[in-house]
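Peer 1: Starting off with a structure, shown below.
Here, each number is a calculation from the coordinates, and none is a lab measurement. The model shown is predicted, which means the values in this text are computed figures rather than measured ones. Please note: Cβ atoms are built from the backbone with ideal geometry, for glycine as well, and neighbour counts cover all protein chains shown.
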Amino acid sequence: MDRAKLAVWKFASCDGCQLSLLDCEDELLELADIVDIAYFKEASSREVEGPYDLSLVEGSITTAHDRDRIVEVRRQSRALITIGACATAGGVQALRNFSDVEDFAAIVYAEPQYIATLATSTPISAHVTVDFELQGCPINKHQLLEVISSFLHRRPPQVPAHSVCIECKLRGNVCVWVAHGTPCMGPITHAGCGAICPSYDRGCYGCYGPKENPNTGSLVHWWQEELGAEQATVIENLRNFNAEAPAFAHESRRLAGEAGQESGDDQK
């Protein structure tokens, strides 16, 4: 029986989610026994031509070249899974979506006229059909292995959709919000990190993006009305690793008076 062909692709990102796959170590060796890792530039110069049974895609779309390239990746892939905040929500680089990218380029580059970039950073799903989105910055390697296994065996992935608050309860943490009045994104953030920050008496930063059906408006109300958080602080927390995730972006735009704006229009 032929082994399934696995490809791992990089777009605009820091490579952290690909490193999470390499961090699997022993599990990765077992995976290599049942799949053919046909394309994975982070790990090997070996290239096997498609089509591929499963593609993992890290990174957001920030250039016209990548916008065209992801269409070709989708064409060659039976199943396509996006991994990490960049691929699922535009990443921290999506902060450009709330301002003028030319202003940023002028500040960073001595010759900005040579920079070819799109005005926005958008998730892979804004351009092609995605079969599953695995959130996180970086992703949870155990969740990644579960997703890969599920697609190889053609079953639904068993990735929890609950919030970081559940992880806090499972760890026996005292709620930093209730006990100390610390603003925390945990109630609306997808589980996966193991509640790292609240375990050290810090509020959650929302690294894993919105949980299923988050009530972002309610969290913002409580932060402002009960904890006295300034509007700028709330917006900064929503515009973080998952700034362009719809549940976060809509609320941050509402607070900033930008509710009528939509990103990515120039790319579609």
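Peer 1: How do the peptides 107-114, 208-215 rank, highest first, by the average count of neighbouring beta carbon atoms within 10 Å per residue?
Peer 2: Details: 107-114: 9.1, 208-215: 19.2.
Output ranking for 107-114, 208-215: 208-215, 107-114.
Peer 1: Relative contact order for the chain: what percent, with Cα pairs under 8 Å and sequence separation of 6 or more? Spell out each step's value before the answer.
Peer 2: Details: 486 pairs, mean separation 46.3, N = 268.
Rounded, it is 17 percent for the chain.
Peer 1: Separate question: Express as a percent, rounded to the nearest 5, the fraction of DSSP beta bridges in the chain (both residues included) that run antiparallel.
Peer 2: Bridges in the chain are about 20 percent antiparallel.
Peer 1: If I stretch the segment between H221 and R202 completely, what's the gain in nm (0.36 nm per residue apart, minus their alpha carbon distance), one decimal? Spell out each step's value before the answer.
Peer 2: Values: separation 19, 0.36 × 19 = 6.84 nm, distance 2.00 nm.
Extra length available between H221 and R202 comes to 4.8 nm.
Peer 1: What's the center-to-center distance, using Cα atoms, between the stretch 24-93 and the stretch 191-205 in Å?
Peer 2: After rounding, the separation between the Cα centres reads 28 Å.
Peer 1: Further question on the same structure: By how many nm would the segment from R254 to E49 lengthen if fully extended, with 0.36 nm per residue of separation less the alpha-carbon distance?
Peer 2: 69.2 nm
Peer 1: Suppose R0 equals 41 Å; then what is the FRET efficiency for A179 and E42 from their Cβ-Cβ distance, rounded to the nearest 0.05? Please list the in-between numbers first.
Peer 2: On the way: r = 41 Å, r/R0 = 1.01.
Efficiency at R0 = 41 Å is approximately 0.50.
Peer 1: Extension gain E72-R3, at 0.36 nm per residue separation less the Cα-Cα distance, in nm? Before the final figure, lay out the partial values.
Peer 2: On the way: separation 69, 0.36 × 69 = 24.84 nm, distance 2.24 nm.
My answer for the length gained is 22.6 nm.
Peer 1: In terms of the Cα gyration tensor, with a ≥ b ≥ c the square roots of its eigenvalues, is the stretch 115-268 rounded because a/c is under 1.5, prolate because a/b exceeds b/c, or oblate?
Peer 2: oblate
Peer 1: Then there is this: What is the distance, in nm, between label points placed 7 Å from the Cα along the Cα-to-Cβ direction at Y114 and at T233?
Peer 2: 4.4
Peer 1: Still on this structure, I have one more. Cα to Cα, under 24 Å, and not fewer than 8 places away if on the same chain: which lysines meet these conditions relative to K41?
Peer 2: Cross-link targets: K5, K10, K141.
Peer 1: Let me ask something else about it. Excluding residues fewer than 8 places away in the same chain, name every one of the lysines whose C-alpha is closer than 21 Å to that of K169.
Peer 2: K211
Peer 1: Given 25 °C and 0.890 mPa s, compute D for the stretch 4-152 with the Stokes-Einstein relation, Rh being the Kirkwood radius over Cα pairs; round to the nearest whole µm²/s. Can you show the working numbers first?
Peer 2: Numbers: Rh = 15.9 Å.
The calculation lands on 155 µm²/s.
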